[in-house]
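Every number in this text was worked out from the coordinates using simple rules, so none of it is lab data. Every value quoted in this text rests on a predicted model; they were computed, and no experiment measured them. Don't worry about glycine lacking a Cβ; one is built from the backbone with ideal geometry, like all the others, and counts go over all protein chains shown.
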Amino acid sequence: MRVSLILISICAAIVVLITPTTQAAEPYKNTTWESLVPKDWDPAKEFKSLNLGAMQDSDPRAMDALSKMKDTWGNAPTERSMDGARIKISGFAIPLEMKGDKVTEFLLVPYFGACIHTPPPPANQIVHVISKKPIDAMRTMDAVTVSGTMGLNRAESPWGTSGYRLAVDKVEPYKLPDGK
């Protein structure tokens, strides 16, 4: 009996010694697109005095407003608390880089058609997603959910300026929440 207790104690000690002591990776926080916009940023502030409805597309004031809007949105501030955050967010994919028929980089945007039509969303509403593992069968405007670590990195692309970069750990097709 004494030998059995000693063997059990030794086995327990070995298990404790070989079991990693690091805690499980913190889960991804479900994140909304609104949380990527700093609370004090008002993208319409500079345009409140304009009556855009009274202007024709060819009106020089409308062209001026569009140019100013593109500049304002391209320089949109990012939410500092997102830097280093482990997040999970859903949106629409716009592939940027391919290896064969697999995607390694894409933009994630909040609504269907964003970036394809002009103007693109504000920089704080475009996430540049980078995957170490190429992703199969992704097409433009696929609805996806991505999980990874967010960084505050501004980057230019043919489709717009992104204010964030996500080092992706997981990409999956978007699924409606239960009950919807």
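Are any of the residues in the stretch 138-154 out of contact with any Leu (no Cβ under 9 Å at 6 or more places or on another chain), of a type in the set (A, V, I, L, M, F, W, C), surrounded by fewer than 22 Cβ atoms within 10 Å (Cβ to Cβ) and not in a loop (DSSP other than H, G, I, E, B)? Checking the stretch 138-154: at least one residue is out of contact with any Leu (no Cβ under 9 Å at 6 or more places or on another chain), of a type in the set (A, V, I, L, M, F, W, C), surrounded by fewer than 22 Cβ atoms within 10 Å (Cβ to Cβ) and not in a loop (DSSP other than H, G, I, E, B).
The single residue among P43, P120 that is in a loop (DSSP other than H, G, I, E, B), touching a residue at least 24 places away in the same chain (Cβ under 8 Å), surrounded by 11 or more Cβ atoms within 10 Å (Cβ to Cβ) and more than 19 Å from the chain's Cα centre (by Cα) turns out to be P43. Going residue by residue through the stretch 138-150, is there one that turns out to be of a type outside the set (K, R) and touching a helix residue (DSSP H, G or I) at 6+ places or on another chain (Cβ under 7 Å)? So far as the stretch 138-150 goes, yes, one or more of its residues are of a type outside the set (K, R) and touching a helix residue (DSSP H, G or I) at 6+ places or on another chain (Cβ under 7 Å).
Here is a yes/no grid of residues against (1) in contact with a Leu (Cβ under 6 Å, 6 or more places away or on another chain); (2) of a type in the set (K, R); (3) farther than 22 Å from Y28 by Cα:
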position: P43; (1), (2), (3): no, no, yes
position: K48; (1), (2), (3): no, yes, yes
position: L52; (1), (2), (3): no, no, yes
position: Q56; (1), (2), (3): no, no, yes
position: D64; (1), (2), (3): no, no, yes
position: A76; (1), (2), (3): no, no, yes
position: M82; (1), (2), (3): no, no, no
position: L96; (1), (2), (3): no, no, yes
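Looking at the stretch 157-176, can you tell me whether even one residue there is in contact with a helix residue (DSSP H, G or I) (Cβ under 9 Å, 6 or more places away or on another chain), at positive phi, surrounded by 13 or more Cβ atoms within 10 Å (Cβ to Cβ) and not hydroxyl-bearing (S, T, Y)? Among the residues of the stretch 157-176, at least one is in contact with a helix residue (DSSP H, G or I) (Cβ under 9 Å, 6 or more places away or on another chain), at positive phi, surrounded by 13 or more Cβ atoms within 10 Å (Cβ to Cβ) and not hydroxyl-bearing (S, T, Y), which makes the answer yes. Mind listing just one residue for me: the one in the stretch 148-180 that is over 12 Å from I87 (Cα atoms) and small (G, A, S) and, of those, farthest from the chain's Cα centre (by Cα)? Among those residues, the one meeting the criterion is G179. Looking for something assigned to a loop (DSSP other than H, G, I, E, B) and among the aliphatic types (A, V, I, L, M) - is there at least one such residue anywhere in the stretch 87-109? No, the conditions are met nowhere in the stretch 87-109. When R139, R154, R86 are checked against the criterion of being more than 17 Å from K29 (Cβ to Cβ) and touching a Gly at 6+ places or on another chain (Cβ under 9 Å), a single residue qualifies: R154. Applying the condition of being under 16 Å from the mean Cα position of the chain (by Cα) and over 16 Å from P77 (Cβ atoms) to the stretch 123-134 and asking which residue is surrounded by the fewest Cβ atoms within 10 Å (Cβ to Cβ) yields K132.
One residue is enough: does the stretch 38-56 have a residue meeting the conditions out of contact with any strand residue (DSSP E or B) (no Cβ under 6 Å at 6 or more places or on another chain) and within 30 Å of M138 (Cα to Cα)? Among the residues of the stretch 38-56, not one is out of contact with any strand residue (DSSP E or B) (no Cβ under 6 Å at 6 or more places or on another chain) and within 30 Å of M138 (Cα to Cα), which makes the answer no.
Looking only at residues in the stretch 56-76 that are without any contact (Cβ under 8 Å) to a residue 24 or more places away in the chain and surrounded by 13 or more Cβ atoms within 10 Å (Cβ to Cβ), the one that is farthest from P122 (Cα to Cα) is R61.
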